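What follows is a short report on a single structure.
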Amino acid sequence: MNKVKSIGELNKILTLPLWLLVIPVAVNIGVYVINQQAGFLMTAAIVVYAIVLVARYIRKQAVLMNELITFATQYGQIQKQIMLDFSFPYALTDQSGHLLWFNNAFAELTGKDYHHYKRSITSLFPDITKDRLPDTEELAEIETEYGDKKFEVSVQGIALDSLIDSSRMLERTEEEEPVSMYALLFRDVTELRDYMRRYEEETMVLALIYLDNYDEALESVEDVRRSLLTALIDRKITRYFLDLDAVVKKFEIDKYLVFMRARSLEELKANRFQILEEVKTVNIGNDMAITLSIGVGANNGSYTANAESARSAIELALGRGGDQAVLRDGNSISYYGGKSMAVEKTTRVKARVKAHALREFIDSKEKVVVMGHQLLDIDAFGAAVGICRAAMTLNRLAHIVIDSPTSSTKPFISGFEQDTNYEKNMLVSVQEAREMVDNDTLLVVVDTNKPDYTECEELLQQTRTIVVLDHHRQSDNYIRNAVLSYIEPYASSTCEMVSEVLQYFPEEVKIRNIEADALYAGIMVDTDNFMQKTGVRTFEAAAFLRRSGADMTRVRKMFRENMDEYRVKGEVLRNVEMYREHFAISICPSADLTSPTIVASQAANQLLDINNVKASFVLTDYNHTIYISARAIDEINVQIIMEKMGGGGHLNIAGAQLPGYTIEEAREKLKQILDEMLEGGELE
């Protein structure tokens, strides 16, 4: 120990008595001045005291250093023993993740001996991989499992560079990365996770169930058997949810309230709301199968919020045509079912009510601005013309926003521009619309209910009075601040809906020939010449327009194609790819075409005439955006396919827009979604 000496604070404490000798020496000098003999006596005492102090310091320093080293050694052993007996599993690894040391709790957990087991930590815990280890001196949290236990692992990086630099036995080359090791502390959270899971499973979920076509189904049954049909439906719904440990309460003749646990909802999701199909099996001679709409609210923070979510979910389900379940789980929305065509309502009460409400809104504003979707087609234009006629009947200024006319609308637009019976500013650009729309303007949106699909989304923020008329199924992204929303997925077209509204308008609306042509053309195009989505009310609307002056010959001439468009459609048909045997996918060239999206939709319709084609998809690149036209007859729901690509539509007519994609990227994404839906059973 003679070669060991104290430094720092310890040395200051030990040498302090020696330094304090300065005080008696100074006093001794003063004593010499007063009395020389007393000074000699004090000097002798100081010398003796100094000799004893120095001798004790020299003799005891070695003993003190030995005691300190012994204490440090024992302290280190105590620390090591504490870590070894620590109740939490604890381990040290090198920078590659190989185990260097671990305590008894870790050994007991894994059944390994730290003297012999030096393999990677990943061999025991697959979730703890090298790429998940943090940078030096950072802390990371990793969740993992071992056997039937769950752990939260705190991983702390420890830098060893300074230790290596001060060592006389190790040396680090300049080329090497910083040397580090990792300390891992394991916390058993099995019981906590179990309690959390139980809590989540016991959370209340609220659902609303509406019978979509209750009245129509009853009408197809004999009077004496109607009560039996109602009882069978009640029994089917009640027993289904009782098996899920849910409570069902019927609060109206065709409406039910359901309370259940979150774990019951998981079962519903697992069987994809099988009740939607089971209720259709109830048949006692009724010509029309009963369908349900279900709205579910879950994980919204409170019972009140869940109830509000269920209400908005059922509205969304009905707006999408019924026969489906909509789940609002927190901020996410999921759709189930929706595989059947929306049932056409035989009553026109709703159309009459909407017509009266529209009349009130028009009458309360000075001007009316009508806006459709981007790349305005003839259905949107014809519907806009019908709304303008209603506004002009009430002596209100009416304008149609057109910034991107297509080849199908240009002949009709030209006809209105040349007709002196219409104001020159009836058709306005987006910029002109921005300047004229204010709080005293009624903004009517036709043929779309998505704000980002409209011709100018900014207009929706410039006025508080917005009316929406559309026949597309509603999605979670819809215009939320509308004062009047008339969305009917069973309608063939928006032109059909507007034609009905005009018939029930309080004032008699006299439609001119050119207006009747535009409305008739919209119905004809969206029904593919009355071959798709046509119902009784579709033909009644067409008959009304024919009586109002619509002429088939004029309309047909308007739709004649030029040679370039005809050749492009032939190119689309020639290059079609049959994917998974039943999906026709092709590309529509956009060069030299004024409206490639229109040509693509027409080609998609023609592809359905090929044997074994259940759905057709035609992609076209236009204005740096990939447009997809999807079509089907009755075997595949193309709407849910397009919704997964950010679009929407109907069961047999849908589409999507993919900005920032190339044609090949969009085609691969479409194929990937088709694969996922086929494997998940969503397209069966």
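Within the range 390-414, residues that are under 22 Å from Asn623 (Cβ atoms) reach partners that are among the small types (Gly, Ala, Ser) and surrounded by fewer than 23 Cβ atoms within 10 Å (Cβ to Cβ) with beta carbons closer than 8 Å, at six or more positions or on different chains, in the pairs Val401/Ser429; Ile402/Ser429; Asp403/Ser429; Thr406/Ser595; Ser407/Ser595; Ser408/Ser595. Residues of the range 125-157 that are polar (S, T, N, Q) and in a loop (DSSP other than H, G, I, E, B): Thr129, Thr136. Scanning the range 592-604 for residues being assigned to a loop (DSSP other than H, G, I, E, B) and over 9 Å from Val568 (Cβ atoms) gives a total of 2. Taking the conditions exactly as written (modelled with pLDDT under 90 and not assigned by TED's automatic domain parsing to the domain that holds Phe530), does Ile640 satisfy them or not? Against the criterion (modelled with pLDDT under 90 and not assigned by TED's automatic domain parsing to the domain that holds Phe530), Ile640 qualifies. In the range 309-324, the residues that are among the charged types (D, E, K, R) form Cβ pairs under 7 Å with partners that are part of a helix (DSSP H, G or I) and modelled with pLDDT of 90 or more, at six or more places apart or across chains, as follows: Asp323/Leu276. Scan the range 464-474 and tell me whether some residue there is assigned to a helix (DSSP H, G or I), among the charged types (D, E, K, R) and in contact with a helix residue (DSSP H, G or I) (Cβ under 9 Å, 6 or more places away or on another chain). Looking through the range 464-474, none of the residues is assigned to a helix (DSSP H, G or I), among the charged types (D, E, K, R) and in contact with a helix residue (DSSP H, G or I) (Cβ under 9 Å, 6 or more places away or on another chain). Would you say Gly157 is in contact (Cβ under 8 Å) with a residue 40 or more places away in the chain and of a type in the set (Gly, Ala, Ser)? Judged against the criteria, Gly157 is not a match.
The residues on offer are Ile58, Ile46, Ile69, and the sole one that is at pLDDT 80 or above and part of a helix (DSSP H, G or I) is Ile46. The strands (runs of 3 or more DSSP E) found entirely in the range 608-661 that carry 3 or more residues being surrounded by fewer than 23 Cβ atoms within 10 Å (Cβ to Cβ) are 653-659. A count restricted to the range 260-295 and to residues that are within 29 Å of the chain's Cα centre (by Cα), of a type in the set (Ser, Thr, Tyr) and part of a helix (DSSP H, G or I) stands at 1. For the range 403-417, taking the residues that are outside any helix (DSSP H, G or I) and among the polar types (S, T, N, Q), the one that is nearest to the chain's Cα centre (by Cα) is identified as Ser404. Among the residues of the range 240-294, just one is at positive phi and surrounded by 18 or more Cβ atoms within 10 Å (Cβ to Cβ), namely Phe273. A Cβ distance below 7 Å, combined with a sequence gap of six or more or placement on separate chains, defines the contacts here; from the range 73-87, residues that are closer than 9 Å to Asn104 by Cα reach residues that are aromatic (Phe, Trp, Tyr) and at pLDDT 75 or above in the pairs Met83/Tyr90.
A Cβ distance below 9 Å, combined with a sequence gap of six or more or placement on separate chains, defines the contacts here; from the range 539-565, residues that are farther than 17 Å from Phe412 by Cβ reach residues that are loosely packed, with under 12 Cβ neighbours inside 10 Å and at pLDDT below 85 in the pairs Asp564/Asp592.
Looking at the range 255-284 only, could you name the residues that are of a type in the set (Lys, Arg) and closer than 14 Å to Asp243 by Cα? Correct list: Arg261, Arg263. Can you work out which of the residues in the range 469-487 that are more than 23 Å from Lys644 (Cβ to Cβ) and in contact (Cβ under 8 Å) with a residue 24 or more places away in the chain is surrounded by the most Cβ atoms within 10 Å (Cβ to Cβ)? By that ranking, first place goes to Leu469.
For the residues Thr129, Thr110, the requirement of being within 21 Å of Thr190 (Cβ to Cβ), of a type outside the set (Asp, Glu) and at pLDDT 85 or above singles out Thr110. Would you mind telling me which numbered condition in (1) part of a loop (DSSP other than H, G, I, E, B); (2) in contact with a Phe, Trp or Tyr (Cβ under 9 Å, 6 or more places away or on another chain); (3) free of Cβ contacts under 8 Å to residues at least 24 places away in the same chain Thr420 fails? That leaves (2) as the condition not met. Pairs linking a residue in the range 94-120 that is in contact (Cβ under 8 Å) with a residue 24 or more places away in the chain and assigned by TED's automatic domain parsing to the domain that holds Glu152 to a residue that is charged (D, E, K, R) and assigned to a helix (DSSP H, G or I), with Cβ atoms under 9 Å and 6 or more positions apart or on different chains, are Gln95/Lys130; Ser96/Lys130; Gly97/Lys130; Ser120/Lys130.
Report yes if some residue within the range 539-550 is crowded, with 18+ Cβ neighbours inside 10 Å and not assigned by TED's automatic domain parsing to the domain that holds Met524; otherwise report no. No - not one qualifying residue is present in the range 539-550. Among the residues of the range 205-218, is there at least one that is assigned to a helix (DSSP H, G or I) and at pLDDT 90 or above? Within the range 205-218, none of the residues are assigned to a helix (DSSP H, G or I) and at pLDDT 90 or above. When Glu500, Glu488, Glu540, Glu515 are checked against the criterion of being within 26 Å of Gly648 (Cβ to Cβ) and either touching a Gly at 6+ places or on another chain (Cβ under 8 Å) or modelled with pLDDT of 90 or more (or both), Glu500 stands alone in meeting it. Applying the criterion of being of a type in the set (Val, Ile, Thr) and assigned to a loop (DSSP other than H, G, I, E, B) to the residues of the range 508-531, the residue that is nearest to the chain's Cα centre (by Cα) is Thr527.
Residues checked against (1) in contact with a helix residue (DSSP H, G or I) (Cβ under 9 Å, 6 or more places away or on another chain); (2) outside the structural domain of Gln639 (by TED's automatic domain parsing); (3) part of a loop (DSSP other than H, G, I, E, B); (4) farther than 30 Å from Lys269 by Cβ:
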position: Lys354; (1), (2), (3), (4): yes, yes, no, yes
position: Val368; (1), (2), (3), (4): yes, yes, no, yes
position: Asp379; (1), (2), (3), (4): yes, yes, no, yes
position: Val385; (1), (2), (3), (4): yes, yes, no, yes
position: Arg389; (1), (2), (3), (4): yes, yes, no, yes
position: Asn395; (1), (2), (3), (4): no, yes, yes, yes
position: Glu435; (1), (2), (3), (4): no, yes, no, yes
position: Asp438; (1), (2), (3), (4): yes, yes, yes, yes
position: Leu443; (1), (2), (3), (4): yes, yes, no, yes
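Which residues, counting only those in the range 572-590, are part of a strand (DSSP E or B) and either without any contact (Cβ under 8 Å) to a residue 12 or more places away in the chain or more than 15 Å from Glu664 (Cα to Cα) (or both)? Listed by number, the residues that qualify are Glu577, Met578, Phe583, Ala584.
Could you list, ordered by first residue, the pairs with Cβ atoms under 7 Å in which the first is in the range 123-142 and aromatic (Phe, Trp, Tyr) and the second is not in a loop (DSSP other than H, G, I, E, B), at least 6 apart or interchain? Filtered contacts from the range 123-142: Phe125/Thr144; Phe125/Tyr146.
The values are calculated or read from the model by the stated rules, or taken from the named source; none is laboratory data. The model shown is predicted, which means the values in this text are computed figures rather than measured ones. No Cβ is skipped: glycine too gets one built from the backbone with ideal geometry, and neighbour counts run over all protein chains shown.
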